[in-house]
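Visitor: Got a structure for you, written out below as structure tokens; questions coming shortly.
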Amino acid sequence: MRIIHLEAGPWRWWYALLGFGLTLCSPILALWLVQPSRTSQQSVTALPQEQWTLILQFVFFVLLGLLLLLGLRRRALAPTELGLTLALPRRIVLTTVGGFLLITAFAWLSAKLSAGDAAADRQILNTLRLGASFSHDLSAILVVAIGAPIAEEFLYRGLIFRGLYDGIQQFAPRFRFLTAGVACLIATIISSQLFASAHSGGDEDGQRLVLFGLGAIACLAYALTGSLYAPILIHSLNNAYGLFMLLRTSGITLSAPWLLGLLAATPLLTLGLVYLLQLIMTAWYRAPAPTNPPAAGQAALSA
């Protein structure tokens, strides 16, 4: 029975290095764009610098990542090259549900064994400023439960993991042990460590193991289904559930009751946005015309 459904593609291993550089440059560029706007004192209803930085950072992740791949491939990208495929819908659903339950149980166990989660929750609350105003609450929900899953999965799984997965297997003719399973394991460890390191800082260091686990589960979901839909949905479900539990434990009330309904619907909204992107790329992409062999009469005439 075939387990890994992610076909080895043309991605090079150094694509992952470019993706890593993107993770370093995007926050700095976003912060630089936001900083000049803070010439006056920030009002209560205005979005804080941290949220604007996150929003711009996620936009850069997707746009710069796509432009990077377009430049490297020098042609329009097929949706399947980015993992935008629903070829195995049943496997995608089962993997998504199983991955979400697994990371939820892992996070619960980590919270029981670690004392750093309370400090991490306070840091998240200070960054998002939930309950401060309607604009804060709405932007936090959209950024955390929709923007982050799409942008980060395109970067960490679609570019970094896929670049390592494909690139390592290109050395298989010289090194027989570099099978698809070995390539998947190496790519999972490296990309998950990068994902955890990018999210860890200060009081959030206690959640590094959980973040690594989320990255690893997302990588395996991509490999098992051959589709980015599964890791994106796992990420969205995890973030939406985490934000809901954060509101519940902190006692914070959102500015509008219907925002809780929006939070619950974010995985479906995320699914719709990804599918819309797939439709746009499908309409844009044109497969290269096959090279037809010369007709028999033409071949005889040329002879």
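The values are calculated or read from the model by the stated rules, or taken from the named source; none is laboratory data. In this text the structure is predicted, and so the values were computed from the model without any measurement. Here the Cβ positions follow ideal geometry from the backbone for every residue, glycine too, while neighbour counts run over all protein chains shown. Side chains included, ligands, DNA and RNA excluded: accessible areas come from the protein's heavy atoms. Shrake-Rupley method; radii C 1.70, N 1.55, O 1.52, S 1.80 Å.
Visitor: Return yes when Ser192 is polar (S, T, N, Q) and within 24 Å of Pro267 (Cα to Cα) and no when it is not.
Guide: For Ser192, the condition - polar (S, T, N, Q) and within 24 Å of Pro267 (Cα to Cα) - is met.
Visitor: Please work out if Ala196 is among the aliphatic types (A, V, I, L, M) and within 17 Å of Ala111 (Cα to Cα).
Guide: Here the answer is yes, as Ala196 does meet what is asked.
Every residue, every condition in (1) in a helix (DSSP H, G or I); (2) under 10 Å from the mean Cα position of the chain (by Cα); (3) small (Gly, Ala, Ser), yes or no:
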site	(1), (2), (3)
Ala140	yes, no, yes
Gly147	yes, yes, yes
Leu155	yes, yes, no
Pro173	no, no, no
Val182	yes, no, no
Leu185	yes, no, no
Ala196	yes, no, yes
Phe212	yes, no, no
Ile217	yes, no, no
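Visitor: A further question follows. Any chance you could count how many residues in the stretch 247-284 are farther than 25 Å from Thr85 by Cα and either open to solvent by 70 Å² or more (accessible area, probe 1.4 Å) or small (Gly, Ala, Ser) (or both)?
Guide: Number satisfying all stated conditions: 11.
Visitor: Same structure, new question: Out of all the residues in the stretch 167-206, which are modelled with pLDDT under 90, open to solvent by 40 Å² or more (accessible area, probe 1.4 Å) and under 25 Å from Lys112 (Cβ atoms)?
Guide: Ser197, His199, Gly202, Asp203, Asp205, listed by residue number.
Visitor: I want to confirm something. Restricting to the stretch 121-145 and keeping residues that are farther than 14 Å from Leu259 by Cα and open to solvent by 20 Å² or more (accessible area, probe 1.4 Å), which single residue is modelled with the highest pLDDT?
Guide: Out of the qualifying residues, it is Arg129.
Visitor: Given the condition among the hydroxyl-bearing types (Ser, Thr, Tyr) and open to solvent by 30 Å² or more (accessible area, probe 1.4 Å), answer yes or no: does some residue in the stretch 238-246 qualify?
Guide: Yes, the stretch 238-246 contains a residue that is among the hydroxyl-bearing types (Ser, Thr, Tyr) and open to solvent by 30 Å² or more (accessible area, probe 1.4 Å).
Visitor: What pairs come up if the first residue lies in the stretch 85-114 and is open to solvent by 40 Å² or more (accessible area, probe 1.4 Å), the second is of a type in the set (Gly, Ala, Ser) and outside any helix (DSSP H, G or I), and their beta carbons are under 8 Å apart, counting only those six or more places apart or on different chains?
Guide: Sorted first by the residue in the stretch 85-114, then by its partner, the pairs are Leu86/Ser227; Ala87/Gly226; Ala87/Ser227; Leu88/Gly226; Leu88/Ser227.
Visitor: Is there a residue in the stretch 225-246 that is part of a loop (DSSP other than H, G, I, E, B), closer than 21 Å to Leu22 by Cα and of a type in the set (A, V, I, L, M, F, W, C)?
Guide: Checked the stretch 225-246: at least one residue is part of a loop (DSSP other than H, G, I, E, B), closer than 21 Å to Leu22 by Cα and of a type in the set (A, V, I, L, M, F, W, C).
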